[in-house]
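The values are calculated or read from the model by the stated rules, or taken from the named source; none is laboratory data. Just so it is clear, the structure is predicted and the values come from calculations on it, not from any experiment. Here the Cβ is made from the backbone with ideal geometry for all residues, glycine too, and neighbour counts use every protein chain on show.
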Amino acid sequence: MSQIAAPIDATQTPEWKALQEHFDALQAEGISLKDWFEADPDRVSKLSFDTSDLHFDLSKNLITDETVKLLADLGRAVGLEERRASMYRGDHINTTEDRAVLHTALRRPSGEAGSIIVDGQDAVADVNAVLDKMYAFAERVRSGEWKGVTGKKIETVVSIGIGGSDLGPVMVYEGLRPYLDGPAVRFVSNIDPNDVAEKVKGLDPETTLVIVVSKTFTTLETITNAKMARWWLLDALRKQGAIDDSAEKEAEAIAKHFVAVSTNLELVAEFGIDPENAFGFWSWVGGRYSVDSAVGLSLILAFGKDVFQDFLKGFYDLDRTFETTPLEKNVVALMGLINVWYVNFFKAESHAVLPYVQYLHRFPAYLQQLTMESNGKSVRWDGTPVTTETGEIFWGEAGTNGQHAFYQLIHQGTRMIPADFIAFANSANPIQCDNQDVHELFLGNFLAQTKALAFGKTADEVRAEGTPEQIVPARVFTGNRPTTSIFGEALTPHALGELIALYEHITFVEGTVWGLDSYDQWGVELGKQLAKQITPAFHDDEALASQDASTKALIEYYRKVRK
Ligand code: F6P
């Protein structure tokens, strides 16, 4: 076991008590963003921050100067700065798996920032060796030097993985679509056979490259999908007369059309993929923190080396901001601490992330794994129970679609839902329509929503519009619904790297206050074990007999209706 000190119970610190008293005082005097803005003309400038590519406006949060000070005090009291240093240094802060947590090493430039020795190995040197191998491989594929078994250039990549081995790459692939200049990528994740069946539909196996992405190379979904893809590829090649059914030709086809990304190179070889065509990473990269490791291979194939390097630089720049800025001025730390403020003092249960960029439509899904697999926990890193609520539900949808779906609840529901609004000043598709810049129409909505949420609409304002008295209450907006605006110049690879690193560190900050090991995920294991035990019961009476009454009844129903 690693020598990580027991977590400090945040709730027992004088700083927590001070926050509680501050919260009670704010409740007693009444929170009014409108009044706070009027009383302090510097509120916006004091609560605005810039990182290299992103501009943050925190002024529409339910915080005052005092709150910021007290939250920073809390951060110091729970040892946030020490734990941050410990993470960047490669200490084994993932205690339940006794591992370092070093996604920050994945984007650290070689030389410039020095090496990080993890378990006797230079992590930065290892990262760069794999990156070089990925860049060289991607260049061969993109240029057409790498050929399929019949000598054709690769046109499509099928990336098979799930969770961290899928959500990050899909999200970034969608996010950076305007930069696509290599093979198109299709992603397969679900074990539902419909997923693989739909994704290989219409593909020419002679020009398809399959990447099997799995940190462990044991994940049921991925290995099953990889086997189905292998079967599809060989069968289709045979059917179109591209290969015969000799073992040599099959092995050659696999070698030309299958590559792997994994930490488990032995199992990769066992699957039949040449370890030469495997790209490694390390146990100190958590699955949900891995999009900037070899897990991003499909992105280098699709976008090329330069784009990926800019992407990594975005992460690195944000890492440096988080690492070097004093807490009161550290927007990354503050966003994490403000989330704690909402979860533990206002009792917020969820947090919406609302990108006003269609290209980021998978960002909320990506964040769900990042945040909830990390902080959805009830015990702390030393095994003791948590002492307060943890792990809010993250959710969202690209604007303005969400406006016509669930925003009603954010504006007028009984629950407080803090929300992050994300937008960029420049669109990849600047279009004028009927003398209207359509992007400005879009951005008008982005700004209108945070304004409505913050300042609301009083009954008198509603009446002044001539609204009949009986429906006035339904048209009142209370305001004081907190939002953060994240605005950037454009959704570039660099900006996207920053955005991802931002949420990685927000997750870390919250986890640190709550005393969590944000890097394990034991909560997903029981379901995996039970699925193995239940599956035989669909056709085996003995296995059926050992199931609980509900499972048994559902399987009996299945047996009745299955054709
Ligand atoms: O869902 C559990 C999990 O272990 C995730 O943390 C991980 O990202 C995913 O499964 C996939 O794991 P692997 O990359 O090992 O296939």
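Of all residues in the stretch 136-159, those satisfying the criterion of being hydroxyl-bearing (Ser, Thr, Tyr) and either away from the ligand (no atom under 16 Å from the Cβ) or more than 19 Å from Val200 (Cα to Cα) (or both) are Ser143, Thr150, Thr156.
Residue check: is Thr450 among the β-branched types (Val, Ile, Thr) and touching a strand residue (DSSP E or B) at 6+ places or on another chain (Cβ under 6 Å)?
yes
Quick check on Ile534: is it under 30 Å from Arg559 (Cα atoms), outside any loop (DSSP other than H, G, I, E, B) and of a type in the set (Val, Ile, Thr)? Spell out the reasoning first.
Details: under 30 Å from Arg559 (Cα atoms): yes; outside any loop (DSSP other than H, G, I, E, B): yes; of a type in the set (Val, Ile, Thr): yes.
Considered against the rule, which asks whether it is under 30 Å from Arg559 (Cα atoms), outside any loop (DSSP other than H, G, I, E, B) and of a type in the set (Val, Ile, Thr), Ile534 comes out as yes.
Scanning the stretch 338-374 for residues that are within 21 Å of the chain's Cα centre (by Cα), closer than 19 Å to Pro482 by Cβ and assigned to a helix (DSSP H, G or I) yields a count of 8. Phe37 falls short on exactly one of the conditions (1) touching a helix residue (DSSP H, G or I) at 6+ places or on another chain (Cβ under 9 Å); (2) in a helix (DSSP H, G or I); (3) farther than 25 Å from Leu453 by Cβ, and that condition is (3).
Go over the candidates Val332, Val295 one by one and state the one that is more than 16 Å from the ligand (Cβ to nearest atom), outside any loop (DSSP other than H, G, I, E, B), of a type outside the set (S, T, N, Q) and out of contact with any Cys (no Cβ under 6 Å at 6 or more places or on another chain). Exactly one residue qualifies, and that residue is Val332.
Annotation note: Cβ proximity below 8 Å between a residue of the stretch 239-262 that is in contact (Cβ under 8 Å) with a residue 24 or more places away in the chain and under 30 Å from Gly296 (Cβ atoms) and a residue that is of a type in the set (Lys, Arg) and not in a helix (DSSP H, G or I) (sequence gap 6+ or interchain) occurs for Lys256/Lys147; Ser262/Lys215. Using the structure shown, decide if Lys313 is more than 16 Å from the ligand (Cβ to nearest atom), among the basic types (Lys, Arg) and under 25 Å from Arg186 (Cα atoms). So Lys313 does not fit the description; no. Selection of the stretch 173-198 for residues being touching a residue at least 40 places away in the same chain (Cβ under 8 Å), touching a Lys or Arg at 6+ places or on another chain (Cβ under 7 Å) and within 24 Å of Thr216 (Cα to Cα) yields only Val188. All conditions but one from (1) modelled with pLDDT under 95; (2) basic (Lys, Arg); (3) within 29 Å of Gly396 (Cβ to Cβ) apply to Arg177; the one that does not is (1). Among the residues of the stretch 265-309, those identified as closer than 18 Å to Leu106 by Cβ and among the polar types (S, T, N, Q) are Ser283, Ser290, Ser293, Ser298, Gln309. Beta carbons closer than 6 Å, at least 6 apart along the sequence or on distinct chains, pair a first residue in the stretch 160-172 that is near the ligand (Cβ under 10 Å from one of its atoms) with a second that is in a loop (DSSP other than H, G, I, E, B) and of a type outside the set (S, T, N, Q) for Gly168/Val291.
For the stretch 32-65, the candidate set comprises residues that are of a type in the set (S, T, N, Q) and surrounded by 13 or more Cβ atoms within 10 Å (Cβ to Cβ); within that set, the residue that is farthest from Asn344 (Cα to Cα) is Ser52. Filter the stretch 171-215 for residues that are of a type outside the set (Gly, Ala, Ser) and part of a loop (DSSP other than H, G, I, E, B) and give the result. Passing the criteria: Leu176, Leu180, Asp181, Pro183, Asn190, Ile191, Asp192, Lys201, Leu203, Asp204, Lys215.
Among the conditions (1) crowded, with 17+ Cβ neighbours inside 10 Å; (2) within 16 Å of the ligand (Cβ to nearest atom), the only one that Val509 does not satisfy is (2). If you go through the stretch 128-144 and keep only what is more than 16 Å from Ala278 (Cβ to Cβ) and in contact with a Leu (Cβ under 7 Å, 6 or more places away or on another chain), you end up with just Arg142.
When the test is whether a residue is under 24 Å from Glu81 (Cα atoms) and either hydroxyl-bearing (Ser, Thr, Tyr) or modelled with pLDDT of 95 or more (or both), Asp520 passes it.
Matching residues to (1) at positive phi; (2) within 14 Å of the ligand (Cβ to nearest atom); (3) not in a loop (DSSP other than H, G, I, E, B):
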{"position": "Phe217", "(1), (2), (3)": "yes, yes, no"}
{"position": "Thr224", "(1), (2), (3)": "no, yes, yes"}
{"position": "Leu234", "(1), (2), (3)": "no, no, yes"}
{"position": "Gly241", "(1), (2), (3)": "yes, no, no"}
{"position": "Glu252", "(1), (2), (3)": "no, no, yes"}
{"position": "Ala260", "(1), (2), (3)": "no, yes, yes"}
{"position": "Leu267", "(1), (2), (3)": "no, yes, yes"}
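Residues that are in a helix (DSSP H, G or I), more than 16 Å from the ligand (Cβ to nearest atom), in contact with a strand residue (DSSP E or B) (Cβ under 9 Å, 6 or more places away or on another chain) and under 19 Å from Ala85 (Cβ atoms): does the stretch 298-310 have at least one? Within the stretch 298-310 (the criterion being in a helix (DSSP H, G or I), more than 16 Å from the ligand (Cβ to nearest atom), in contact with a strand residue (DSSP E or B) (Cβ under 9 Å, 6 or more places away or on another chain) and under 19 Å from Ala85 (Cβ atoms)), the answer is no, since none of the residues qualifies.
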